[in-house]
Structure formats: structure tokens, C-alpha cells
Amino acid sequence: MHDLEADVLSIVLLLFIFFDVRRFPLPKKDKGSIFFAELSVIYSIFLVISLLVYACTMKFMAFPMYVERSLWALHVISFPFMLLLWAHFNAINVIEDRRKVSIHTKILVAPLVALSALMIADIPHQYFFVFCRHHEHLPKILGSYLIITLSLLYCLAMILIVLINIKELPGSRLFLFMLTPSTLLISIVFFWYMHDHTQFTVVSSFLLILNYLIIHRDSVVVDTLTNLPTKSLFNRRLLKIFRLQLESTVIILDIENFRFFNKRYGRVIGDRMLAQVAEFLVSLEGRHETYRFDNDCFCICIPKSDRHMVEGLVQQIEERMQNSWQLDVNHVHIQINCAIIDIPEQASDYDEFKNAVDQLFIEIKSGRRENIIIYNRENSINQQKKLDIVSALRDSIRNPEQVKVYFQPIYNVNDSRMVSAEALMRIQDSNLGFLTPGEFVPIAEQTGLIIHLTEIVLSKVCTVINQLSKEKNIIDHISVNLSGEDFSSTAISKKLMNIISKEGVNPERIGFEITESMMLQSYEEVAKVIIEMSLKKVTFALDDFGKGYSNLQVLMELPYNYVKIDRSVIAKSTINPKMLTLLTEMLHKMEKQIVAEGVETEEELALIKRIGIERVQGYYFSKPLPEVEFLELVKRASTIVDRI
């Protein structure tokens with residue numbers, strides 16, 4: 001094979017790659033495809049220059065002397081230039097730190113710039129280089145030695161970078177990025193000794209094809225568990241939709257609280273559940289494509305022709321969720337939340353779609369009761385605020401002084417004496433200002449940041465208790481709210497007790513509040529923590545009792561010290577107190593102390609006294625107070641008790 005045949009064959013191969021990429025665009029964020037398109041385009045230019053030089057050599061075309069020399073100069077310098085591009089391509093795929101990649105490339109560029117300057121200056125004189133059709137091969141002069149030496153150095157630099165990062169590279173990547181410089185180095189050696197760049201052209205084409213196929217292999221994978229295309233293929237499908245402006249509807253499906261499902265039934269049953277859900281989604285009527293979007297998320301892509309079937313698909317999904325799933329001997333129920341995005345009406349490009357998905361996941365995880373969410377572009381302002389809140393939460397974790405703890409006192413009903421308090425978290429952000437729990441807690445839970453915030457709040461509460469312990473005070477304990485996300489850590493009990501121990505606080509002075517809904521999400525995990533920490537004298541309260549669950553198993557089996565009746569029950573009881581009376585009698589028989597939440601009026605307080613509830617919390621007595629005001633209130637209350 002001669003130079004002309006190698007160049008033509010390489011151009012044909014590149015055309016096939018370009019046509020295929022046009023049909024199926026490579027993901028822009030995919031690490032393997034970074035710089036691949038640029039490398040392919042520049043290689044095409046290299047081949048065109050090579051063909052022009054060949055035409056000039058064979059006298060098929062004639063150019064003025066300076067144009068001919070410039071063309072030859074471009075042809076000669078293109079060899080180290082192509083190797084520089086291969087070295088950069090290798091570096092950005094091997095080195096994780098982008099700053100190091102930039103430094104590495106600048107070091108490699110410097111000698112090529114110097115050589116190019118020398119070559120341009122030498123075009124009129126040809127002292128170091130010879131550029132004309134009468135020299136088909138590289139003459140053995142200084143310029144040729146510089147070209148070959150620089151080319152070899154680039155190959156060796158590629159090998160060195162791979163060897164330095166060899167531990168971080170998986171097998172297929174190690175093979176590819178060692179093969180690239182090795183074969184290029186051999187082709188340069190052949191180029192020098194055989195005076196023929198055919199090997200270099202063939203090797204470069206072979207490496208482009210190999211990289212292209214490996215990029216495809218890495219990005220287009222079928223999930224082995226569900227036999228569905230993965231998120232990578234879905235992203236490529238999206239890129240095509242946006243490039244061709246195809247009208248489509250995407251339905252994202254999230255299995256609610258699937259992490260807790262896995263903890264309850266085990267990962268084997270959880271995997272079978274995912275496989276059954278995937279099989280069901282594929283069987284839905286209509287023309288659509290189903291993908292596994294994430295661990296417990298799927299998505300369905302529906303083309304324009306079947307958009308009218310979206311409502312029917314969602315209805316089929318809702319109807320299926322009302323029935324149980326058979327998993328071996330288990331009959332289990334799951335809930336799936338659906339989020340719908342219309343393209344291009346509500347998302348006109350890939351970045352806007354990603355932002356929409358981020359917003360929808362925040363909405364799904366925020367505890368809202370609707371199972372179907374339709375994305376609206378007008379909500380982007382709300383989405384931006386939520387993203388700003390995430391940023392504020394991360395900043396608060398780095399700077400705990402931004403986490404403010406407010407304390408709402410709890411009083412004895414009979415003598416109006418302060419007996420305990422609940423710690424409530426607030427965030428003070430320099431940009432967003434004062435954030436209340438309703439604004440940031442759902443987002444903190446969805447992102448997992450609540451775990452760090454809980455630890456910060458507990459540490460601050462311990463500090464306050466230590467301050468109160470220096471003088472006589474009337475506070476039994478201060479309680480901290482725990483989130484369901486806190487229990488995602490298997491070592492939660494150990495972490496909390498370590499903080500209490502480190503601060504030197506008696507565990508009896510600390511309490512934790514857990515909602516009934518949290519118990520339903522992960523009963524076994526929560527129960528284990530409650531029992532373990534109760535043995536160390538930590539106080540526990542069941543929060544929001546009567547709000548909608550009222551699970552007696554929770555009360556009978558777990559060592560709760562207090563039960564906090566939700567304020568909605570208190571408010572309704574002023575009209576009809578029967579339910580509150582029955583709850584109070586039942587809880588007293590179970591030897592539980594009761595706290596009435598959200599008491600705001602004298603009428604509600606009178607009712608609570610009459611029914612026999614021991615403790616009360618609400619704005620009637622005190623709103624949540626900042627630390628300084630709370631400490632002052634406790635001090636005054638302690639002084640009054642001493643006088644009595």
C-alpha cells in the first residue's frame with residue numbers, strides 16, 4: 001500500500017465515522033469522547049494536505065514556488081502536530097486533574113511552536129529544511145532530525161503519562177492508551193527509515209476507528225439487571241432529539257423510598273423488583289423507548305406520533321401500582337412517582353432538560369402528595385432558588401456558624417413550668433438571607449446534606465446544655481429532630497453518641513424526635529437505633545402522632561418516652577374532642593407521657609388541661625427563640641422556681 005492508497009482509504013473511513021456521528025451524536029459530557037471530534041477534523045485536514053502534496057509531487061497540480069514550499073512545510077510539520085494532538089487526547093482521558101492536563105499540553109506545545117517558527121523563517125532559504133517535489137523523502141539534514149526527534153518525544157511523553165497514572169486506569173483504557181503511543185512510535189521509526197508515511201497514516205486511522213468503537217462500547221450499554229438501555233444511550237437519544245428538534249415527551253419514573261425497600265427486603269428482592277418494573281414498563285401499549293435512568297429510576301421516551309398516549313400510559317402505571325407485586329413468597333406494594341417533560345415546549349436543549357430533571361427530582365423527594373408532576377418552564381425561577389438553597393446548605397456545612405439553632409420551650413400544663421425544649425434549625429445565608437425549615441429541609445433530605453446538618457445541630461445543642469449545666473436550671477432535656485435520610489447511614493447511632501460524648505453531655509439531657517412516617521419508611525433501621533440509644537438513657541419522642549398514620553405497633557414495641565400529638569389533632573379537637581380524648585386515654589394506659597404541639601389559644605390550653613395531657617408546646621407560651629434569648633428565658637424561669 002502506497003501513500004495515496006493509504007490517504008484515500010483513511011478519508012473513506014473518516015467519512016463513515018462522520019456520517020455515523022451525525023446519526024448518533026456522542027455525549028458531550030462523556031469522558032471518552034472529549035476532543036475526539038476535534039482530533040478527527042484535524043486529521044482530515046492532514047490527509048487533504050497529504051493528497052495535495054502527492055498531487056504536486058506527481059505533477060498533477062502546479063503551484064507558485066512559495067505556495068509549493070509552504071504546502072510542503074505544512075505537510076512536514078503536520079506529523080509532530082498530529083502527535084501533539086494524540087498526546088493531548090491521551091492526557092485528557094488519562095489525567096483526572098484538568099489543571100495538570102493544561103500544564104502538560106503547554107509544555108508539549110512550546111517546542112512545536114519554536115520548530116514551526118524556525119520552519120516558516122526557513123521557507124525562503126531552506127538552510128535547515130528542504131521543501132520541494134524533488135525531495136520525496138526527508139533529507140538527512142538538521143530540520144529532518146528535529147522533526148523526527150520531536151515526534152518521538154511526543155510518543156514517549158504519551159507512554160510516560162500512562163505509566164504515571166497506570167493504577168487509575170481500568171484494563172480497557174490502559175490497553176488503548178498504551179497501544180496509541182506504541183503504534184505511533186513504531187510508525188514514526190518506519191517513516192524515518194523507510195521514507196514512507198503510509199504506516200503513520202494507517203496507524204492513525206486505525207486508532208481513530210478503535211477509539212470510536214470503544215467510546216460507543218462505553219456509552220451504549222444494556223443494563224444487565226433490567227435488560228434496558230442505560231442512561232448513556234438515553235443521553236445520546238436526547239442529543240439527537242434536540243439536534244433535529246424532534247417533538248417528544250419524556251416520562252421519568254421514580255420508585256418512592258426504594259432505599260428503604262432494599263433495607264427491608266434485601267438487595268436480592270430489590271433487584272427482582274426492579275426487573276419486574278422494567279418488564280412492566282416495556283410491556284406498556286404504544287410506541288415508546290424505555291431506559292434505566294438511575295438506580296431506582298426509569299424513563300420512557302415517547303415520539304410525537306404517540307404523544308396522545310401519554311395520559312393513557314400514566315394511567316396504566318397508576319393502576320398497576322394499586323396492586324401488589326409477587327416476589328417469591330412476598331406480596332409487596334411500591335409507589336412510583338411520574339414526572340413529565342414535553343420537548344421542545346418545556347425544554348429546548350440538553351442543558352435545559354438537565355435543569356428540568358434536577359427540579360423534578362427535588363419536587364419528587366420533597367414529600368409532596370401528588371404522584372404526577374408536569375414540568376413547566378415557568379417554574380424555572382423556583383428551580384433556581386432551590387439550586388441556590390443547595391449551594392447555601394453546602395456553604396453552611398463548611399461554615400457551621402451559618403447554621404442557627406432556635407429553641408421552643410415545652411411547659412408542664414399544670415403549673416406552666418418550663419420542663420424541656422425542642423431544637424429547630426434555621427440557615428442564615430449571606431445571599432438568600434434567613435431560611436426556614438420548610439424552605440430547606442426537603443431539599444437537604446433529597447440531597448443527603450441533612451445528615452451533616454443534624455450533626456451540626458446536635459453539637460450546638462450540646463454546647464447550650466453545657467452552658468445551662470453551669471447553673472441550676474429546670475430543663476430536663478433538649479430534643480433534636482431526626483430525618484429519614486439520617487438513617488441512610490448504618491453508623492448513625494455511633495455518630496450521634498460520639499458527638500454527645502465528645503461534648504461531655506449526659507445522654508439523659510439529649511432527646512431525639514422521630515415522625516411516624518419515618519417509621520413506616522424504615523421500621524427495622526429506626527427501631528434498632530432507638531433501642532440501642534435508649535439503653536444509654538437517651539430520650540425519644542414520637543412526633544406528629546395522629547397526623548395520618550397512628551401505628552400502634554410503633555408505640556407498643558419501641559421505648560418512646562414521649563408522644564407528641566400533632567397540632568392538626570389539637571385544632572380539630574376544640575370542635576369535637578372525642579378523638580383527642582381517646583388518644584390520651586390509650587397513651588396513658590401505655591405509660592407514655594404526652595406533649596400537645598401547636599397550642600396557640602387559651603381555649604386549646606383549657607381543653608388540654610381538661611383531657612389530662614401533661615405537657616404543651618406552642619405559640620401560646622413561646623415562639624422558637626434564638627440561643628441567647630432562650631438562655632435568658634431559662635435563667636429567669638429558674639430564678640422564679642427558686643423563689644417559689
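Only the coordinates and a few stated rules stand behind these numbers; no lab work does. Not measured: the values here are computed from a predicted model. Glycine also receives a Cβ, built like all others from the backbone with ideal geometry; neighbour counts cover every protein chain displayed.
Computed per residue of the chain from DSSP H runs no shorter than four, each worth -39500 (n - 2.57), the mean residue ellipticity at 222 nm is -18500 deg cm²/dmol. Sorting the segments 414-426, 282-294 by their mean number of nearby beta carbons within 10 angstrom, highest to lowest, gives 414-426, 282-294. If you take the Cα centroid of segment 35-114 and the Cα centroid of segment 612-633, the two points sit 74 Å apart. On C-alpha positions alone, give me the angle between the axis of helix 171-194 and the longest principal axis of the chain, in degrees, nearest 10. Approximately 10 degrees, to the nearest 10. Using the Cβ-Cβ distance between Leu246 and Val222 with R0 = 25 Å, the FRET efficiency computed as 1/(1 + (r/R0)^6) comes to roughly 0.60. Stretching Glu600 away from Lys635 to a fully extended chain increases their span by 10.2 nm, per 0.36 nm per residue minus the current alpha-carbon distance. For the peptides 142-149, 428-435, the ranking by mean Cβ contacts within 10 Å, running from highest to lowest, is 142-149, 428-435.
Since only Met518, Ile164, Ile372 are under comparison, the one whose Cα sits farthest along the positive direction of the charge dipole of the chain, derived from C-beta charges on Lys, Arg, Asp and Glu, is Ile164. With N the number of residues in the chain, Rg(Cα) / (2.2 N^0.38 Å) evaluates to 1.35. Taking the Kirkwood radius as Rh and the Cα radius of gyration as Rg, segment 386-541 has a ratio of Rg/Rh equal to 0.97. By the Stokes-Einstein formula, at 0.692 mPa s and 37 °C, segment 396-643 with its Kirkwood radius over alpha-carbon pairs has D equal to 176 µm²/s. This model, with +1 at the C-beta of Lys and Arg and -1 at the C-beta of Asp and Glu, gives the chain a dipole about its Cα centre of some 1080 debye. Think of the chain as having a plus end and a minus end, set by charges on the Cβ of Lys, Arg, Asp and Glu; of Tyr154, Gln408, Gln346, Tyr154 sits farthest toward the positive end of this dipole. Here segment 287-301 is scanned for amide nitrogen atoms under 20 Å from the site 7 Å beyond the Cα of Arg267 along Cα-to-Cβ, giving 292-298.
Say a paramagnetic label sat at a point 7 Å from the Cα of Gln428, along Cα to Cβ; which residues of segment 604-634 have their backbone N under 14 Å from it? What the label zone holds, given the 14 Å backbone N cut-off, is 625-630.
On C-alpha positions alone, give me the angle between the axis of helix 231-244 and the longest principal axis of the chain, in degrees, nearest 10. In the chain, helix 231-244 runs at an angle near 70 degrees to the longest axis. Say the dipole of the chain comes from +1 at the beta carbon of Lys and Arg and -1 at that of Asp and Glu; which of Thr224, Val8, Met61 then lies farthest toward its positive end? Value: Met61.
In plain terms, the chain from Val8 to Ser102 could stretch by 30.4 nm, reckoned as 0.36 nm per residue minus the Cα-Cα distance.
In the chain, the longest principal axis of the Cα atoms and the axis of helix 36-57 are about 10 degrees apart.
Stokes-Einstein, applied to the Kirkwood radius of segment 526-633 over Cα pairs at a viscosity of 1.002 mPa s and 20 °C, places its translational diffusion at 144 µm² s⁻¹.
Quick one: go through segment 419-454 and flag any residue whose amide nitrogen is under 12 Å from the point 7 Å out along the Cα-to-Cβ line of Asn399. Only 428-433 pass the distance filter. Here the Debye sum runs over all C-alpha atoms of segment 231-375 as equal scatterers in vacuum, and log10 of I(q)/I(0) at q = 0.15 Å⁻¹ comes out as -0.76.
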